[in-house]
Structure formats: C-alpha cells, structure tokens
C-alpha cells in the first residue's frame with residue numbers, strides 16, 4: 001500500500017464493478033472510479049476499509065461486516081524486458097505477446113485519488 005494510511009472520513013476512490021459483460025465483450029456501464037468516504041478501517045488490515053460510495057444515481061454502503069473493500073494500486077504487469085514492441089505498450093494496446101498488461105484497477109476495490 002502507498003505511504004498514506006486510511007482513516008475514517010478520508011475521501012478515496014472506489015472502483016465500481018460495472019454491468020455484466022455481454023457476449024460481444026462490451027458492457028453497458030464499464031467499471032469506473034467513484035468518490036467514496038472511509039467509514040471504518042480494519043485494524044488488522046489497514047488496506048481493508050468500509051466505504052460509503054457516492055454514485056451519480058445514489059449511495060452505496062460497503063461495510064466491513066460485509067467484507068469491506070481491499071486496496072488496489074492497479075500496477076501493470078511488466079512483461080519481458082527485451083520486448084521488441086515495448087514502445088507500443090499502452091498505445092493503442094492493453095496487452096502484448098511479451099506478457100505486458102496495462103495497469104488496471106479491479107472492481108470492488110479502493111485506491112487513493114490521483115493528484116492533479
């Protein structure tokens with residue numbers, strides 16, 4: 001986890017699951033970052049928190065009693081260091097035959113907001 005420590009009242013991002021994937025691979029609503037407020041922190045695992053998620057259509061509560069949410073940095077999978085297509089990683093591809101996979105955040109997890 002990053003050097004920050006979650007605490008009650010902190011604003012974080014929750015990654016929604018999105019709607020089920022259709023047969024053609026598309027989704028009506030893909031996973032997206034949503035604003036969330038930390039409502040509780042698991043003292044045995046500081047990366048697991050309870051959240052009040054603020055969606056455009058309403059609020060969603062994800063308490064520790066129901067499993068809470070785990071922290072996810074969303075790091076990329078590096079792939080082979082001698083990849084001949086490394087300059088194309090991420091533009092426009094999300095995957096490469098060398099094993100590289102674009103960074104992504106799993107649905108149902110939380111992370112710190114990016115500084116802009």
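The values are calculated or read from the model by the stated rules, or taken from the named source; none is laboratory data. Nothing here was measured: the structure is a model prediction, and the numbers come from that model. With ideal geometry, Cβ positions are generated from the backbone for all residues, glycine too; neighbour counts draw on all protein chains shown.
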(request) Can you give me the number of residues within the range 79-113 that are under 30 Å from residue 42 (Cβ atoms), modelled with pLDDT of 80 or more and in a loop (DSSP other than H, G, I, E, B)? (result) 6
(message) Let me spell it out: the conditions are (1) in contact (Cβ under 8 Å) with a residue 24 or more places away in the chain; (2) surrounded by fewer than 14 Cβ atoms within 10 Å (Cβ to Cβ), and residue 33 meets all of them except one. Which number is the exception?
(response) (2)
